[in-house]
Amino acid sequence: MNIFKRDASLNSFQWENLGDIKKGRGDLGEDMPVLVYRLMQYTMLDTLTRDLGADKANEYFVRAGHLAGEEFAKNTQDLSVDFDTFLANFQKALQDLRIGILRVEAFDPEATNIVLTIGQDLDCSGLPITNETVCNYDEGFIAGVLYAYTGKEYSVKEVDCWANGDRVCRFNASLVI
């Protein structure tokens, strides 16, 4: 089952709906503590898990991340540059926005596999060790970014996470054939 298949006509999210943050938060600015982001993320995940079960809640987080990644790439990145430049620009954007520190560990252009890490990840760095991977939203986000750039679907799976004792999140991205 491809969880990314969706009817684009049903998508009501528009980048412009994020608003004019500078204008609206003139005194407070654009930044906020990671604590507030995680409070929203993990209470949302908890509510969805209780209502729908863990698998379905995680699926929704991956799907939301995919949509966010796709829109993020389309609205903040130059999609016309070569792949190395695109990755460098994406890396800079993640660091500038304090989302995390992206590193590409391996890239196999023949098999279209990519292994990347995100250090100091917004979603999980500093969490207690629970022996699980928790960055489902990030899986979708990375897949969405890759989709926006390549026009092809990637399956992204987190294989290492702060929550399972690692100090970076490691993701395997593979082209869906």
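In table form, for the structure just shown:
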item: Some residue of segment 3-20 being among the β-branched types (Val, Ile, Thr), surrounded by 11 or more Cβ atoms within 10 Å (Cβ to Cβ) and at pLDDT 90 or above; result: no
item: Within segment 40-81, considering residues that are touching a residue at least 60 places away in the same chain (Cβ under 8 Å) and assigned to a loop (DSSP other than H, G, I, E, B), the one least open to solvent (accessible area, probe 1.4 Å); result: GLN77
item: Complete set of residues in segment 38-77 that are within 21 Å of THR112 (Cβ to Cβ) and of a type in the set (Asp, Glu); result: GLU70
item: Spans of strands (runs of 3 or more DSSP E) in segment 91-176 with at least 2 residues modelled with pLDDT of 95 or more and open to solvent by 20 Å² or more (accessible area, probe 1.4 Å); result: 101-108, 154-160, 168-175
item: Checking LEU94 against (1) under 15 Å from the mean Cα position of the chain (by Cα); (2) touching a residue at least 60 places away in the same chain (Cβ under 8 Å), the condition it does not meet; result: (2)
item: Segment 26-39 - residue that is charged (D, E, K, R) and over 24 Å from LYS74 (Cβ atoms) and, of those, surrounded by the fewest Cβ atoms within 10 Å (Cβ to Cβ); result: ASP27
item: Positions within segment 132-147 being among the β-branched types (Val, Ile, Thr) and either under 13 Å from PHE90 (Cα atoms) or in contact (Cβ under 8 Å) with a residue 40 or more places away in the chain (or both), in sequence order; result: ILE142, VAL145
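The values are calculated or read from the model by the stated rules, or taken from the named source; none is laboratory data. This is a predicted model, so every value here is computed, not measured. Don't worry about glycine lacking a Cβ; one is built from the backbone with ideal geometry, like all the others, and counts go over all protein chains shown. Note: accessible area is taken over every heavy atom of the protein model, side chains too, but ligands, DNA and RNA are not part of it. Shrake-Rupley method; radii C 1.70, N 1.55, O 1.52, S 1.80 Å.
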